[in-house]
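Data first, discussion second: the structure below is written as structure tokens.
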Amino acid sequence: MQFIDLKTQYGRIDREVKARIEAVLEHGQFIMGPEIQELEERLADFVGVRHCVGLSSGTDALLAAMMALEIGRGDEVITTPFTFIATGEMIALLGARPVFVDIDPVTYNMDPDKLEDAITGRTRAIMPVALYGQCADMDAINAVAERHRLPVIEDAAQSFGASYRGRRSCGLSRIGCTSFFPAKPLGAYGDAGACFTDDDAIAQALREIRNHGQDRRYHHPRLGLNARLDTIQAAILLVKMGIFPEEVEARSRLGARYTELLNARGAVSTDVGGGSVLTPFVHPDNLSVHAQYTLQVPSRDEVAEKLGQQGIPTAVHYPIPLNDQPVFHVGLPGAEWPVSASVASRVISLPMHPYLTEEMQQRVVEAVVEATGL
């Protein structure tokens, strides 16, 4: 069984992918070819914003977004400690300080009720993460940000295609950033990412930043990056967009089915700490793309070993919160983020992709039941 099955997906689109790549090879515009603008227009329309700016990775998208807001040394950016390193890493690379706010114990996203206390005179932005494919409570976060006149950058690396109260992820704040890493819900065949915004000035800044800060050839009004999206990756993503809405629906349906099957065997979704196995809770107003389908279990290492013995691959996203990473740990006692610490010690992700069959899911569920003693 595959943890993420890209081979089956490729079998659906191989001819179109090859044709699109062949077209790039024929016209030879490997950097900033016409497929870039075509993809950006299609993605912007999908999200429902004025601008999409393609970038070389989701990590560079976060970096470019903060550069467009002129965040730098001595500034503070508020985010969550329960996320991939890139979220805090890009803040620190600019000389700013990541300020961590603990997560909601049910959704694992930033807890808006704890946000205001983290704001200081040095705060320059708020960066919530849409973890595991579900958007954070963006209305509540945006309301706090508006009171303090702060921009919000949505780290939507795992949630492209998800929706929040009828609006799509990446279109919920001043800037939305996503990743098209191959394992993401919409994945390229290499590194790729994008920023989304309705702000014309920010969009122009992002376009300059991704190309060494130049606004025209050999004229550089700002410092920038070599962070352009490759034309071949754009061509591949254009093909994948043709089946993406169907895959979003499948991810949502399969995630709900996992939860239904597991809860029928004794797991729970909202009784925090009360059940031996905790399934993901998706807010009724949200649609999750389940970039990962992640449980909380006791004795995680033992459960992972038992599942592995039955041919069920697993992964842990993420075992060490950012506040406990050596690069950030100085002066950041873990007691300030107890929910993140607890969740990080118990999470385990199961196989999740749009091509899971009912038989595959049933096999996974039976293995989980046996491994956890449900």
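When each of the peptides 137-150, 201-214 is scored by how many other beta carbons lie within 10 Å of its residues on average, the order from highest to lowest is 201-214, 137-150. Across the chain, Cα-Cα distances exceeding 26 Å account for 51% of all pairs. Taking other Cβ atoms within 10 Å as a rough exposure proxy, Ser57, Ser159, Ser173 sort from fewest to most as Ser57, Ser173, Ser159. What separates the Cα centres of the stretch 52-121 and the stretch 309-374 is a distance of 22 Å. Restricting to bridges with both residues inside the chain, how much of the DSSP beta-bridge set is antiparallel, in percent to the nearest 5? Restricted to the chain, the bridges split so that about 65 percent are antiparallel. Charge dipole (Cα centre; +1 on Lys/Arg Cβ, -1 on Asp/Glu Cβ; no other charges) of the stretch 244-372 amounts to roughly 100 debye. Loop-only check: which GluC sites (Glu not before Pro) in the stretch 46-95 are DSSP coil with at most 15 other Cβ within 10 angstrom? Listed in order of number, the matching sites are Glu70. Take the Cα of Gln309, go 7 Å toward its beta carbon, and the backbone nitrogen atoms of the stretch 350-367 under 16 Å from that spot belong to 366-367. Spin-label model, Glu249/Val327: points 7 Å from Cα along the beta carbon direction are separated by 4.1 nm.
The residue list Thr231, Phe328, Pro284 was ranked by how far each Cα lies along the charge dipole of the chain toward its positive end, using unit charges on Cβ atoms, and Thr231 comes out on top.
Taking the Cα centre of the chain as the origin, how large is its charge dipole in debye, to the nearest 20, when only Lys and Arg (+1) and Asp and Glu (-1) carry charge on their Cβ atoms?
Numbers: 34 positive and 48 negative charges, 107 e Å.
Dipole magnitude for the chain comes out near 520 debye.
Please grab the % of Cα pairs in the stretch 244-372 that end up more than 19 Å from each other. Value for the stretch 244-372: 52 percent of Cα pairs lie more than 19 Å apart.
Looking at the calculated P(r) for the stretch 31-129, what percent of the C-alpha pair distances fall above 21 Å?
44
Across the options Val248, Ile36, Gly121, the greatest Cα extent toward the positive end of the charge dipole of the chain (unit charges at beta carbon of Lys, Arg, Asp, Glu) belongs to Ile36.
No value in this document is a laboratory result; all are computed from the given coordinates. Here the structure is a predicted model, which is why all the values come from computation and not from measurement. Methodologically, a virtual Cβ is constructed for each residue, glycine included, from the backbone with ideal geometry; neighbour enumeration extends over all protein chains shown.
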